[in-house]
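Engineer: Starting off with a structure, shown below.
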Amino acid sequence: WRGEEDLQTYALDSEFLGARKVRVWNRECVLQSTSEPVSGLEQALCWKPSGSLIASTQRKPNRHDVVFFERNGLLHGEFTLPFEKEQVKVNEVLWNTDSTVLALWLEDLQEGENSKPNTYVQLWTVGNYHWYLKQSLHFGSDAESQIVALTWDPENPYRLHVLCCGWHYLCYDWHWSTDRSAGENCDDSANVAVIDGDKVLVTAFRQTVIPPPMCTYHLHLDCAVNQVMFHSEPHKSNDVAVLTADNRLSIYRSADGTNKDPTVKLGAVGGNGFKVSVKTHQLERTYRPNSIKREKKEVDPLKLRLLTWVKDDTFLAVGQGTSTTQSVVYQLVTSSVGDGPEGHINVRCALNTHTYVHKNYIKLAKNTTYAEKPNETAMKSVKLYKIESTVPTVEPWRNSSGGVMQLPQPCTQTVLCIIEGEEALLGLTERARFFVNDVEVGSNITSFIPYDEFLLFTTHSHTCRCLSLRGASLKSLPSVFSSSLTSNDETIRKVERGSRIITVVPQDTKLILQMPRGNLETIHHRALVLAQIRNCLDRLMFKEAFECMRKLRINLNLIYDHNPKVFLENVDTFLKQIELVNYINLFLTELKEEDVTKTMYPSPVSGNITSAQGGSEKKVDSVCDALRMAMEKLNPHRYFLSILTCHVRKSTPELEIALQKVHELRGNIFSDTSPDPGQPSPPVLFAAAKIASSFNFLTPVWSIDSITSMYLATKFYKDPKEYLPFLNELKKMETNYQRYTIDKHLKRYKAALRHLSKCGPECFAELLNLVKDQRLYNEALQLYPANSQECKEISRAYGEYLSQKQCHEQAGLIFARCGEHGKALDAFVGSSSWQQALCMAVQLQYTEDKLASLARTMSGKLGDQRRYSEAAVLLEQYAQDYEEAITLLLEGGAWEDALRLIYKYNRLDILETNLKPALLEDAAQNNHMLFLESQKTTFLRHKTRLAVVRELKEKVQQELLDEEAPDGPEADLFSEASSVVTGSAVSSTKYSHSNSRISARSSKNRRKAERKKHSLKEGSPLEDVALLEALGEIMRAVDKLTEEVHRLLKALVLFAYDAQALELQQALEETLHLMEKSIPEIWNAGSQQASATPVLGPNSTANSIMASYQQQRTSLQLQQDAELFIPPKLNKNFKWKLNLLH
């Protein structure tokens, strides 16, 4: 029956063909399919729980196979059993519940009636379409060890139940493990061993990455392999021990690739004449264990399990105790007798644990720990086994606080590492729960490995994280695992679904992952890469660091920014290691002022960050100068191009100095008869200077001669017709005019102006045109004396230019300085600078009538600008019209100045006719009351709306954070660059396009769009910012009103309008109190949004990049309007209230 019990399969004998057919019926006994007759097909059948394959066995003329049928009866794959054709028979084929392991129950064919056949159980797995024999259990031929029943557990997929004769019951719990070498330096080959029947497939990942089932080489044993272990000592980590099904132990030592060991066969890296550069293993000796004494005979095919290589001649292993719930820890010592190929394993001591040992570990000290599991539901305790003591002892493992170490659940993968200077036990359960000592820090971890100062692990969310353990504490780890990740976090990268960590190459950046289907992938995790580069830079290994950065596209600024002081002190070492001139130029061209240790590659530990070089000197300039001086000392001819690049790459390019060097060294470096291997390339220099036209470099300095110019021109493959006429014209010119022509041609107008000023007065007209065309007025004024005619001409042109730019006041100053008083007067009138205008009028000898007319004209302009007090001064003092002056003062609310003029000119009638009505009826008190009421209403409305907008944005943001990536059976159909976008992404993109169209409009429309950037329309993208802006403007407007209200209050009280004054004072006081109380609510700590950085790199998609840049654009707008997020300051120092009104 299939697992769902909806289909039933039979293998029926064909009476006429001598073969069997596989027939499939459903539960209603309706025939679904019938296979072709298969000769040699045996009776064992088993449905695969996940899928539609049927496993069976078939005897072929020369081998014995396990074959698979599809539901329609067609054959679908096979593999061969490691037996002869007529050696064994298969009693049963069993899949485990998750279809990952296939169990075979086999026994020898009986040769006679009294023969006792051997019984076997084999466990097979598949990867990359290759079937591996992972475990082989030999039950022997004793009557009591014969298997009666074999079955997988229906709940635990890796639990196998075996029932033997004599009522012996065995229960095996299997789990996956990765056998890898654990070295710490470059001598470790990063070996990973894979069991495949009687072979151990070894791959050395330091030299090569070979996808399984291929390998670097394989070790061939005489019997099926059950366990592989590498030496625990780091300097011998390449040595490997193999435990076979007959409980023999084979020791292989690391050797070079020239050994002739017949048991070692090369795989995908040698043969056919190719040189073998990888170190292989060589069989040292095979050890046979002496009989292990037990109180009573037990059926136990795995007499030794959980074998651990502790020392060169010492092993620890676990065996069965006197009862099913007890285990014995054996300390095994190897011994050799003579020079024979076999030795013996002696039991030095055996310690009964009285509990069942679930897993053992190697501790970092010279002790060994193992874990005890009393029962299935109890806590998993960890104890210390004192291997150095004469009598074996066991004691509880206690943490730093003295508590007994216990794991909440049994862990299938466990490793010991150092965290905060203390040994910590890392454990991973079958349910992806990750523990550090007795604390659960993660619940979605699929694999992990500690390496150096890092902990690398993969998760169910298809990511690989690399956490730095330097400076980490045991208490902080849970928060680190549960912390939210940013999109551009360097400690995380996406990996293929189901990826698991195989190994990390020591002292390298390679991280090897295995996919669910079995193939391998090598990645260079950014955190590992940066750690390797920092390590190389600390050890002054600049060449290794440079090659790694160049290969993995790391910004070369890190070479300097990692430790500026050390780099500048070791510039000579850097140049000697980086031999190629092109590499030095590559480093120079990537230099920029940014400190990449603070932006792109921040150090995982804040204490290790070395600040960049202080002082006013720029980074690029200091590096270029240091490298240039070192290269000039070492070999100026060899590093000639790099020296030129140093001049060009400075913040202010030294093109003249660079080309002067070209001119000076033309005789030997540019000689055609003696080529130099380090010959520079001038086009590279000019390209680095980012000059568009290469012809501009024919004569950028005046000291190079025509021969050098001709050479440079030929290097650019210019047509002689293009540059020869120009050179000939230059030869005919006067020196200063020649330089002027060159600088003008190069668009270096300031230098051209200096040279043209030396050409005499006959060229002044051309100079004036150059000044007007390029707006070099300030530079030109510095070239001539202040009282010269040339200075006046330039000043006159400058003033006219400023007038055209609507800078009337500055134009008036320039005109006045050069004696153009009439034009200066017009300019001052245009800028409403009435004091300067009156001064110019006096210098022009205006009459009193013309002066009064000028005063009236300017008072009108000042009145339009609400500068009433200044307009009143003009009318009173220059136009002698004090009545109009008083009217303007009353209109501007200058009550005290108006009273002063009324009493000065004894016009008390104006008090009744103008002043009192202005206080009450016309404008003052009534208008202020209406203004305060409207501002208060608007303020409350905006404040309420701001709270609603913030609540809506917070809700939307929370919904976005709660969204999950697509999952399910079709999740793999969505790629990283999928064109499917969310509604929010569409809306943000639309808004982005709108802004881009705005930028292309006219300046008038652009200013209009700028005013509408912060729209108060409901639903606009920056509505909350617009509300903040509006609320701030209201507060500033009301606060600014206090001075005007203060003057009005004094006037009201003076004329006994106490009721109106009290009403106005109370209204303003209430409004100010409301605004002051609302400041903490409106401008809270979270009102300013966090800035975003663009998301790039391997984790990005088209949509995420687009969304991040849109968010960045919004953040830039918020940064430009940063003052909006600062509450306005109310002027509390000004005492505007009148106490007599209380």
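The values are calculated or read from the model by the stated rules, or taken from the named source; none is laboratory data. Just so you know, these numbers come straight off a predicted model, no measurement behind them. Ideal geometry is used to build each Cβ from the backbone, glycine not excepted, and the neighbour counts take in all protein chains shown. These accessible areas exclude ligands, DNA and RNA; they are computed on the full protein's heavy atoms, side chains included. Shrake-Rupley method; radii C 1.70, N 1.55, O 1.52, S 1.80 Å.
Engineer: Would you confirm whether or not region 835-848 contains a residue that is closer than 26 Å to E1043 by Cα, touching a residue at least 40 places away in the same chain (Cβ under 8 Å) and open to solvent by less than 20 Å² (accessible area, probe 1.4 Å)?
Structural biologist: no
Engineer: May I ask you to verify whether I387 is closer than 21 Å to Q532 by Cβ, more than 22 Å from the chain's Cα centre (by Cα) and not polar (S, T, N, Q)?
Structural biologist: Answer is no for this residue.
Engineer: Next question. So which of L45, L137, L75 is open to solvent by less than 40 Å² (accessible area, probe 1.4 Å), of a type in the set (A, V, I, L, M, F, W, C) and on the phi < 0 side of the Ramachandran plot?
Structural biologist: L137
Engineer: Pick from region 1051-1075 the residues that are open to solvent by less than 60 Å² (accessible area, probe 1.4 Å) and farther than 18 Å from N926 by Cβ: which of them is farthest from the chain's Cα centre (by Cα)?
Structural biologist: Per the stated criteria, the residue is L1072.
Rundown of residues vs (1) modelled with pLDDT of 90 or more; (2) among the small types (G, A, S); (3) outside the structural domain of G127 (by the TED database), yes/no style:
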| residue | (1), (2), (3) |
| --- | --- |
| T34 | no, no, no |
| S39 | no, yes, no |
| E84 | no, no, no |
| K89 | yes, no, no |
| L104 | yes, no, no |
| L109 | no, no, no |
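Engineer: When you scan region 858-872, do you find a residue that is in contact with a helix residue (DSSP H, G or I) (Cβ under 6 Å, 6 or more places away or on another chain) and of a type in the set (S, T, Y), even just one?
Structural biologist: Within region 858-872 (the criterion being in contact with a helix residue (DSSP H, G or I) (Cβ under 6 Å, 6 or more places away or on another chain) and of a type in the set (S, T, Y)), the answer is yes, since at least one residue qualifies.
Engineer: Across region 460-478, what is the total count of residues that are open to solvent by 10 Å² or more (accessible area, probe 1.4 Å), in contact (Cβ under 8 Å) with a residue 24 or more places away in the chain and within 24 Å of the chain's Cα centre (by Cα)?
Structural biologist: Residues flagged as open to solvent by 10 Å² or more (accessible area, probe 1.4 Å), in contact (Cβ under 8 Å) with a residue 24 or more places away in the chain and within 24 Å of the chain's Cα centre (by Cα) within region 460-478 amount to 13.
Engineer: A follow-up question, please. What are the pairs, 6+ residues apart or on separate chains, where a residue within region 1028-1047 that is closer than 14 Å to T938 by Cβ has its Cβ under 8 Å from a residue that is among the charged types (D, E, K, R)?
Structural biologist: E1029/D1121; L1031/K943
Engineer: Of everything in region 499-528, what is farther than 22 Å from C186 by Cβ and more than 22 Å from the chain's Cα centre (by Cα)? Give them in sequence order.
Structural biologist: Result: Q514, M515, P516, R517, G518, N519.
Engineer: Conditions: (1) modelled with pLDDT of 90 or more; (2) β-branched (V, I, T); (3) buried (at least 18 other Cβ atoms within 10 Å of the Cβ). I492 meets all but one. Number of the miss?
Structural biologist: (1)
Engineer: In region 78-100, what residues are in contact (Cβ under 8 Å) with a residue 24 or more places away in the chain, open to solvent by 30 Å² or more (accessible area, probe 1.4 Å) and part of a strand (DSSP E or B)?
Structural biologist: Once the filter is applied, which keeps residues that are in contact (Cβ under 8 Å) with a residue 24 or more places away in the chain, open to solvent by 30 Å² or more (accessible area, probe 1.4 Å) and part of a strand (DSSP E or B), region 78-100 yields K89, N91, E92.
Engineer: Quick one: in region 247-260, which of the residues that are modelled with pLDDT of 90 or more and not basic (K, R) is nearest to the chain's Cα centre (by Cα)?
Structural biologist: In this case the residue turns out to be Y252.
Engineer: Within region 441-451, is even one residue at pLDDT 85 or above, open to solvent by less than 40 Å² (accessible area, probe 1.4 Å) and over 18 Å from L511 (Cβ atoms)?
Structural biologist: yes
Engineer: Go through region 1063-1084 residue by residue and tally those that are in contact (Cβ under 8 Å) with a residue 12 or more places away in the chain and under 12 Å from P1128 (Cα atoms).
Structural biologist: Going through region 1063-1084 one residue at a time, the tally reaches 6.
Engineer: In addition: Kindly establish whether T887 is modelled with pLDDT under 80 and either assigned to a helix (DSSP H, G or I) or not small (G, A, S) (or both). Talk me through it step by step, then tell me what you get.
Structural biologist: Details: modelled with pLDDT under 80: no; either assigned to a helix (DSSP H, G or I) or not small (G, A, S) (or both): yes.
It is false that T887 is modelled with pLDDT under 80 and either assigned to a helix (DSSP H, G or I) or not small (G, A, S) (or both).
Engineer: Scan region 849-871 for residues that are in a helix (DSSP H, G or I) and either in the same structural domain as Q804 (by the TED database) or open to solvent by 30 Å² or more (accessible area, probe 1.4 Å) (or both) and jot them down.
Structural biologist: Selection gives D849, K850, L851, S853, R856, T857, G860, K861, D864, S869, E870.
Engineer: While we're here: Does region 481-488 contain at least one residue that is open to solvent by 40 Å² or more (accessible area, probe 1.4 Å) and in contact with a helix residue (DSSP H, G or I) (Cβ under 7 Å, 6 or more places away or on another chain)?
Structural biologist: yes
Engineer: Is it fair to say R539 is open to solvent by 10 Å² or more (accessible area, probe 1.4 Å) and in contact (Cβ under 8 Å) with a residue 24 or more places away in the chain? Step through it out loud before you land on a result.
Structural biologist: Values: open to solvent by 10 Å² or more (accessible area, probe 1.4 Å): yes; in contact (Cβ under 8 Å) with a residue 24 or more places away in the chain: no.
So R539 fails the test.
Engineer: Among (1) surrounded by fewer than 18 Cβ atoms within 10 Å (Cβ to Cβ); (2) closer than 19 Å to N226 by Cβ, which single condition is P117 missing?
Structural biologist: Here P117 meets the rest and fails (2).
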